[in-house]
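K.L.:
What follows is a structure written as structure tokens; I'll ask about it next.
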Protein chains: 4
Amino acid sequence: MPSASSGPSAPRAREFRTPDASRRSERSRRAILDASMELVGEVGYNKLTIEAVAARAGVGKQTIYRWWPSKAAVLLDAFTTVVTNAEYEAGIPDTGDLEADLKQVLRATVDEFTDASFEAPYRALAVAGAADEELSKEFLERLMEPGMEVYTRRLRSAQEAGQIAEDIDIGLAVEMLLGPFQQRWLQRTGTLTHEFTDALVELVLRGLAPR
Amino acid sequence: MPSASSGPSAPRAREFRTPDASRRSERSRRAILDASMELVGEVGYNKLTIEAVAARAGVGKQTIYRWWPSKAAVLLDAFTTVVTNAEYEAGIPDTGDLEADLKQVLRATVDEFTDASFEAPYRALAVAGAADEELSKEFLERLMEPGMEVYTRRLRSAQEAGQIAEDIDIGLAVEMLLGPFQQRWLQRTGTLTHEFTDALVELVLRGLAPR
Amino acid sequence: MPSASSGPSAPRAREFRTPDASRRSERSRRAILDASMELVGEVGYNKLTIEAVAARAGVGKQTIYRWWPSKAAVLLDAFTTVVTNAEYEAGIPDTGDLEADLKQVLRATVDEFTDASFEAPYRALAVAGAADEELSKEFLERLMEPGMEVYTRRLRSAQEAGQIAEDIDIGLAVEMLLGPFQQRWLQRTGTLTHEFTDALVELVLRGLAPR
Amino acid sequence: MPSASSGPSAPRAREFRTPDASRRSERSRRAILDASMELVGEVGYNKLTIEAVAARAGVGKQTIYRWWPSKAAVLLDAFTTVVTNAEYEAGIPDTGDLEADLKQVLRATVDEFTDASFEAPYRALAVAGAADEELSKEFLERLMEPGMEVYTRRLRSAQEAGQIAEDIDIGLAVEMLLGPFQQRWLQRTGTLTHEFTDALVELVLRGLAPR
DNA sequence: AGGTAATCGAGACGGTACGTCCCGTCTTATC
DNA sequence: GATAAGACGGGACGTACCGTCTCGATTACCT
């Protein structure tokens, strides 16, 4: 049973007859994704409506409902076509100086999360994922995990170079690096600044250093 | 219609004439808080409606709108009457063994966050706070910050006892402890287990130790 | 079986919780009736939509659905407040000259049915009644039967005066008078003219005369 | 968008390039007519949709739109292939006894109109014709007028035989016979019984008799 | 027999309206 | 004056069909 969907007035499963993807209109698809990115920036996620997206995209509502199960899913698609995978493939630079590399990347990430045009849709998705377990999986797979993976690779490389103690759980180390960042951002427990990420990197690395 | 408040669709400020709190019905207040706690567990935050709360509580809708600005505010009140302040006042035990004390408290916290009747409303509030900056302040002040404060006190005490290096920023240390926890929970990047929090405490303390 | 209404996706009975009629807004009621009369004249019955009526009346759709089960019911109410009962109460003049009296009234009726502002809504209702048995009852009771009743009274009076044979079934006589009229009008089997109704009266009376 | 055709919402003329009738699929044509007859019986005219007909017939929607201008037109075709012209060609028996002949035919007609499988589509067409002037013409030409014509012929024959006064307008006489019948049926002003038609024939003939 | 042009089944598309849900405001009668 | 009740204007929901369109896959005529 697909969990969360079966309440007393469960919104019955859509799309018994799955549509024929080969006949899908690329033009409409793009228009919908573009419109939803524009609108989420203009009015925010909660006030983003399928109706407005359809109107802005010059598209029938059914065309949205035909291909996406929810407005969150639309936005996720929209966002992931913007945040190209190229971004993740580059990975974190490896100059040999772990601390400098991490600080640099985290400073860049701070800048990114401070930019409203990136922040609005990303926050919208993070929030929707936090609220809805089903959507959460998609969000993690397509955005969060690739983001965490690059750190894992860089730390693993440092561990192999002997800059990190052998008994360290790299996965946990990544969480120590990104958890505080995410918490400050998502829950607004503090401001995102370069000073913050610098200090964070330093403190985390103190715990990772070989003894 | 009470025209031109601010923006075209601004959620205009309610309650110019603030109601007379001394005449407020305690009976209704309790019924509303109880009903919202019940309902958020049954249908989730997004499907929680003021109308349903009013019906369940046997209360007019206006009685809710008179005393609270939003459904999130109702839920926040409802939740904070359940999570008694007593919980925070106790603080973290101080047996002298910092690692043991932290592990114990975090294990208890894991248990709490695994209990559905606690998790549902808390997650609802966290999500609402993540989405809405205004609400976020209330949520932080009344729930998150008191929660973080007890860790701050315990770590400060350890620092004074020389168990933590003098140059450590205790605030940051608390974030390293709770950020990964919150991230796993809120964003579902991992499961909350005692093993996880144990390992987390160990790794964090490694970075805090006096050199 | 109440015929046409029970398909596989029958529109489930509305209004379990019947609204409180004493709190009904007279202002909205009038606006809805006026708007529907205007619109049926402008666009015809098939293109008349609840949505347009609500918009024109400056009313929420729910306010219509709350008080009427269908657009036909709205229109029936709208029409019957225009066609005042006074019209029927007057009855057919009784000058003693049955033929002249009938001719006069039927000529007037022809004029009425030739006037577009009367014809449009009346035809709409007749059509809707022909299609839907349920609605039909209302239509008959509130419009057709009162219309036929005045003829019944006039013919009965003539029968008592000895101008109509005693063994004549007055009800059937009325049907012979109005059936051809209605058929020409509703089914468009011919044009409605004074000549037609004059000839009709003459021929019918020929059959009613005492032998 | 197929710009400026005529009015803002004019149902613009389909089929500039009229299709090649010689290549038409007889198989599809039959399937469509059968499906529409089935469906009109099951769900009624208002809930009869082109989409459902196409699905039931195993046919593309375009195949319907290619050959018929509206669902009413489809149904009219469907119905007229069932009600064979043979039925009308036979005409009304002429035994010499006009009253008996008319009573017999009208009794048979009552039976026909009481049979649901005949009544449903016929009523659908009558209603559609009443609502739509354009369609009305087709309906009259192909169904009503042939039906009235047989009465005209029989009455004319009786008039020639001296059983009907010479000055009688036969057309009007037919209307007096069928108008009340149609009114009872279409508007449900009364039940269709053999007693009714018998009495109707008698009363009408009383007016037609030579003086 | 092969080419080709139209019909065919299928269904995606831009739209309109549906009937429902809930919003936040308002009105009424009760306590 | 706060309250329970709920009618109100309004906005969006997700669905059903409309009539048009585009896609191969047939089909039937014409070289």
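The values are calculated or read from the model by the stated rules, or taken from the named source; none is laboratory data. Predicted model, so just to flag it, every value in this text is computed and none were measured. Cβ: placed from backbone, ideal geometry, glycine included. Neighbour counts: every protein chain shown. Ligands, DNA and RNA are stripped out before the accessible areas are found, and what is left, the full protein with its side chains, is counted by its heavy atoms. Shrake-Rupley method; radii C 1.70, N 1.55, O 1.52, S 1.80 Å.
K.L.:
Within the range B:59-78, which residues are polar (S, T, N, Q) and either over 18 Å from the mean Cα position of the chain (by Cα) or within 16 Å of B:Ala21 (Cβ to Cβ) (or both)?
P.N.:
Across the range B:59-78, the qualifying residues are B:Gln62, B:Thr63.
K.L.:
Restricted to the range B:33-71, and to residues that are open to solvent by 60 Å² or more (accessible area, probe 1.4 Å) and within 7 Å of DNA strand E (Cβ to nearest atom), which residue is modelled with the lowest pLDDT?
P.N.:
B:Lys47
K.L.:
List the residue pairs whose Cβ atoms are under 8 Å apart, where the first residue sits in the range A:36-59 and is over 19 Å from A:Leu125 (Cα atoms), the second is assigned to a loop (DSSP other than H, G, I, E, B) and open to solvent by 20 Å² or more (accessible area, probe 1.4 Å), and the two are 6 or more positions apart or on different chains.
P.N.:
Close Cβ pairs (under 8 Å, with a partner that is assigned to a loop (DSSP other than H, G, I, E, B) and open to solvent by 20 Å² or more (accessible area, probe 1.4 Å)) amount to A:Ala54/A:Gly60.
K.L.:
Take D:Thr63 and tell me if it is under 24 Å from D:Ala131 (Cα atoms) and hydroxyl-bearing (Ser, Thr, Tyr).
P.N.:
Here the answer is no, as D:Thr63 does not meet what is asked.
K.L.:
Residues that are more than 8 Å from chain C (Cβ to nearest Cβ) and modelled with pLDDT under 95: find the helices (runs of 4 or more DSSP H) completely inside the range D:116-211 holding 2 or more of those.
P.N.:
D:116-131, D:133-139, D:145-160
K.L.:
Please go through the range C:20-32 and give me each residue that is open to solvent by less than 80 Å² (accessible area, probe 1.4 Å) and assigned to a loop (DSSP other than H, G, I, E, B), ordered by number.
P.N.:
Answer for the range C:20-32, where residues must be open to solvent by less than 80 Å² (accessible area, probe 1.4 Å) and assigned to a loop (DSSP other than H, G, I, E, B): C:Arg24, C:Ser25.
Table: residues versus (1) under 15 Å from the mean Cα position of the chain (by Cα); (2) under 30 Å from A:Pro69 (Cα atoms).
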site: A:Val110; (1), (2): yes, no
site: A:Glu119; (1), (2): yes, yes
site: A:Arg123; (1), (2): yes, yes
site: A:Ser136; (1), (2): yes, yes
site: A:Thr152; (1), (2): no, no
site: A:Ile164; (1), (2): no, no
site: A:Arg184; (1), (2): no, no
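K.L.:
Does any residue in the range A:90-103 that is among the hydroxyl-bearing types (Ser, Thr, Tyr) come within less than 8 Å, Cβ to Cβ, of a residue that is open to solvent by less than 50 Å² (accessible area, probe 1.4 Å) six or more places away or on a different chain, and which pairs are these?
P.N.:
Note: pairs meeting the criteria are A:Thr95/A:Asp101.
K.L.:
Keeping to the range C:137-146, report how many residues are in contact with a helix residue (DSSP H, G or I) (Cβ under 8 Å, 6 or more places away or on another chain) and either in contact (Cβ under 8 Å) with a residue 60 or more places away in the chain or open to solvent by 20 Å² or more (accessible area, probe 1.4 Å) (or both).
P.N.:
Residues in the range C:137-146 being in contact with a helix residue (DSSP H, G or I) (Cβ under 8 Å, 6 or more places away or on another chain) and either in contact (Cβ under 8 Å) with a residue 60 or more places away in the chain or open to solvent by 20 Å² or more (accessible area, probe 1.4 Å) (or both): 5 in total.
K.L.:
Right, another one. Among the residues of the range A:83-98, how many are assigned to a helix (DSSP H, G or I), open to solvent by 70 Å² or more (accessible area, probe 1.4 Å) and over 30 Å from B:Asp132 (Cβ atoms)?
P.N.:
Qualifying residue count, the range A:83-98: 3.
K.L.:
Also, quick follow-up: Within the range D:114-136, can you find the residues that are of a type in the set (Ser, Thr, Tyr) and open to solvent by 30 Å² or more (accessible area, probe 1.4 Å)?
P.N.:
D:Thr114, D:Ser117
K.L.:
Any residue in the range B:76-98 that is within 13 Å of DNA strand E (Cβ to nearest atom), modelled with pLDDT under 90 and among the acidic types (Asp, Glu)?
P.N.:
no
K.L.:
Name the residue, out of D:Leu106, D:Leu75, D:Leu98, that is of a type in the set (A, V, I, L, M), more than 16 Å from DNA strand F (Cβ to nearest atom) and within 14 Å of chain C (Cβ to nearest Cβ).
P.N.:
After ruling out the rest, the residue left standing is D:Leu106.
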